[in-house]
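Below is one structure; the comments refer to it alone.
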Amino acid sequence: MTEKKSRIWVWWVIAGILTLATGYYQRVTGPTYDKKINFTLDGQEYKVKLPRSHGDDSNCPVVLPLSDSNYSATLIYRRFQFDKDYTEVPFERSDSTPVGFTSQTTTGRET
């Protein structure tokens, strides 16, 4: 009986390690997490998070960390797995920071 109990214990340890590993992988690479990108503009490096989902009925904000008003930007996006054309939205300044808004709501309808 002791050998059988030790085998069961080993299988429980393997199951626990596998569960923790797959949970960590999903947490790090999940499809709803922001896409993190870096870019360089005039020798200065910037870090941006691009949202992949938005859990509110309002428009989804995309913020660029640029305080210089000499730059303009355009947000180009489309809904995932739809054969629609890309939508272009110019960024607007809010508190001297460029902000672009997607027009998709949580119901999947575009406003």
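The values are calculated or read from the model by the stated rules, or taken from the named source; none is laboratory data. Everything numeric here is computed off the predicted structure, so don't read it as measured data. Ideal geometry is used to build each Cβ from the backbone, glycine not excepted, and the neighbour counts take in all protein chains shown.
Of all residues in segment 59-68, which are touching a residue at least 24 places away in the same chain (Cβ under 8 Å), over 17 Å from the mean Cα position of the chain (by Cα) and exposed (fewer than 12 other Cβ atoms within 10 Å of the Cβ)? SER67 - this is the single residue of segment 59-68 that is touching a residue at least 24 places away in the same chain (Cβ under 8 Å), over 17 Å from the mean Cα position of the chain (by Cα) and exposed (fewer than 12 other Cβ atoms within 10 Å of the Cβ). Is one or more of the residues making up segment 1-23 outside any loop (DSSP other than H, G, I, E, B), closer than 30 Å to GLN81 by Cα and of a type in the set (Lys, Arg)? Checked against the condition, which is being outside any loop (DSSP other than H, G, I, E, B), closer than 30 Å to GLN81 by Cα and of a type in the set (Lys, Arg), segment 1-23 yields no hits at all. Taking first residues from segment 72-84 that are within 17 Å of HIS54 (Cα to Cα) and touching a residue at least 24 places away in the same chain (Cβ under 8 Å) and partners that are among the small types (Gly, Ala, Ser) and surrounded by 11 or more Cβ atoms within 10 Å (Cβ to Cβ), the Cβ contacts under 6 Å between residues at least 6 apart in sequence or on separate chains come to LEU75/GLY100.
Number of residues in segment 69-92 that are loosely packed, with under 12 Cβ neighbours inside 10 Å and under 18 Å from the mean Cα position of the chain (by Cα): the value is 3.
Somewhere in segment 28-39, is a residue modelled with pLDDT of 80 or more, of a type in the set (A, V, I, L, M, F, W, C) and outside any helix (DSSP H, G or I)? Within segment 28-39 (the criterion being modelled with pLDDT of 80 or more, of a type in the set (A, V, I, L, M, F, W, C) and outside any helix (DSSP H, G or I)), the answer is yes, since at least one residue qualifies.
Taking the numbered list (1) more than 25 Å from VAL99 (Cα to Cα); (2) at pLDDT 80 or above in turn, THR74 passes all entries but (1). The residue pairs whose first member lies in segment 10-33 and is under 30 Å from LYS49 (Cβ atoms), whose second member is assigned to a loop (DSSP other than H, G, I, E, B), and whose beta carbons are closer than 6 Å, counting only pairs six or more residues apart or on different chains, are THR32/ARG52; THR32/SER53. Scan segment 44-56 and give yes if some residue there is surrounded by 10 or more Cβ atoms within 10 Å (Cβ to Cβ), among the polar types (S, T, N, Q) and either within 21 Å of GLY100 (Cα to Cα) or in contact (Cβ under 8 Å) with a residue 12 or more places away in the chain (or both), otherwise no. For segment 44-56, residues surrounded by 10 or more Cβ atoms within 10 Å (Cβ to Cβ), among the polar types (S, T, N, Q) and either within 21 Å of GLY100 (Cα to Cα) or in contact (Cβ under 8 Å) with a residue 12 or more places away in the chain (or both): present.
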